[in-house]
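Comments concern the structure below.
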Amino acid sequence: MKVRTGIEISSQSDIGCLRQNNEDSFGYWEPEDDAQFARKGRLAVVADGMGGYEGGQEASRLAVETLLAVYRDYAGDDPQAGLIEALQAAHEQIRNYSFAHPELRGMGTTCTAAAIVRNGERDALYYVHVGDSRLYLIRDGRITRVTHDHSYVGRLVEAGMITAEEAEHHPQRNILTAALGTNPELTMDTPEHAQPLFPEDVLLICTDGLWGLVADAEILAAVENKSAEQAGRELIALARERGGPDNITVEILRLR
């Protein structure tokens, strides 16, 4: 697939050290048509499946494939509305699949998708998010988490009952409060307004197989002064060195 100039991209996924299969999925898409590209920009998505060997794998694959396809075919002019429609479609697709395959009942997946669309003079960030995969923005030597984890410990942090630092090592940090395909109603995070992006900004989307073992400061250090491909390899190696109990997926997009 042809990637237009103006961005450097790396998408990497690793099975980790303990799992028998990789239940993470990822995707990247941009239109070949210039008019479409002006409307829809570039789209990156990461999903982390759950629900047993086959269920998790199928859920994350369906999430990524459906989201990319629905966003690609979206006829409107608002990228944010296109992302919301695509995430809703992915949710329904997974639910329908699990009803058709009773042995996979309980399958679900996290999903975080970011679109970078030219908005006047500069690029802008649109996103949709459910679960505990994360979207980070790295700018001027600082790392900011854009998304909030839909998790039990995320709620404890928001309620002020534990600190963000305590949450990173909490024994119940893997319990999700929202995912694609699980409950009838879909909970998702979306921004009220597109966020302006600047040259040299880096967007990083990753599963908890990375952020659960590698601190934000370490992610920042790995990304600075390295190619996206190099940074991704270094981060995965770091998670593996620390035991890699889960699949590890990271997508890095650096604006040029």
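Here, each number is a calculation from the coordinates, and none is a lab measurement. Everything numeric here is computed off the predicted structure, so don't read it as measured data. Methodologically, a virtual Cβ is constructed for each residue, glycine included, from the backbone with ideal geometry; neighbour enumeration extends over all protein chains shown.
Things worth noting here:
- Mean separation of Cα contacts under 8 Å (6+ apart) over length of the range 150-195, as relative contact order %: 38 percent
- Full-stretch length increase - residue 36, residue 237 - with 0.36 nm per residue and alpha-carbon distance subtracted: 68.6 nm
- Each of 151, 133, 13 was scored by other Cβ atoms within 10 Å of its Cβ. Arranged with the fewest first, they read 13, 151, 133.
- Rounded to 0.05, the FRET efficiency of the residue 20 and residue 144 pair, given R0 = 41 Å and the Cβ-Cβ distance, is 0.70.
- Only the Cβ atoms of Lys and Arg (+1) and of Asp and Glu (-1) were treated as charged; on that basis the dipole of the chain about its Cα centre amounts to roughly 240 debye.
- Peptides ranked, highest mean first, by Cβ atoms within 10 Å: ranges 134-142, 189-197, 226-234, 78-86: 78-86, 226-234, 134-142, 189-197
- By the Kirkwood approach, averaging reciprocal distances over each pair of separate Cα atoms, the range 143-198 gets a hydrodynamic radius of 13.1 Å.
- D by Stokes-Einstein for the range 109-157, Kirkwood Rh over Cα pairs, 25 °C, 0.890 mPa s: 199 µm²/s.
- Computed E for residue 5/residue 168 - FRET, C-beta separation, R0 41 angstrom, nearest 0.05: 0.65
- Normalising by residue count, the range 139-256 has a Cα convex hull of 137 Å³ per residue.
- From least to most packed, judged by other beta carbons within 10 angstrom and beginning with the fewest, 236, 15, 219, 94 follow the order 15, 236, 219, 94.
- Length gained when the stretch residue 78-residue 183 is fully extended (0.36 nm per residue, less Cα-Cα span): 35.1 nm
- With the convex hull drawn around the C-alpha atoms of the range 14-130, the volume per residue stands at 102 Å³.
- Size of the chain: Rg and Dmax of its alpha carbons, in Å, are 17.3, 51.
- Residue-count net charge about residue 164 - beta-carbon cut-off 15 Å; Lys, Arg +1, Asp, Glu -1: -4
- The range 76-128: C-alpha pair distances exceeding 16 Å, %: 54 percent
- In the chain, the DSSP-assigned H stretches of four residues or longer account for a calculated mean residue ellipticity at 222 nm of -10500 deg cm²/dmol, using -39500 (n - 2.57) per stretch and the full residue count as denominator.
- Our summary gives the chain a relative contact order of 26 percent, counting only alpha carbon pairs under 8 angstrom and 6 or more residues apart.
- Listed residue (115, 11, 146) projecting farthest to the positive dipole end of the chain, Cβ model: 11
- Kyte-Doolittle mean at least 0.5 and Cα axial length at least 30 Å: DSSP H helices in the chain: none
- The range 64-152, relative contact order in percent, only Cα pairs under 8 angstrom and at least six apart counted: 20 percent
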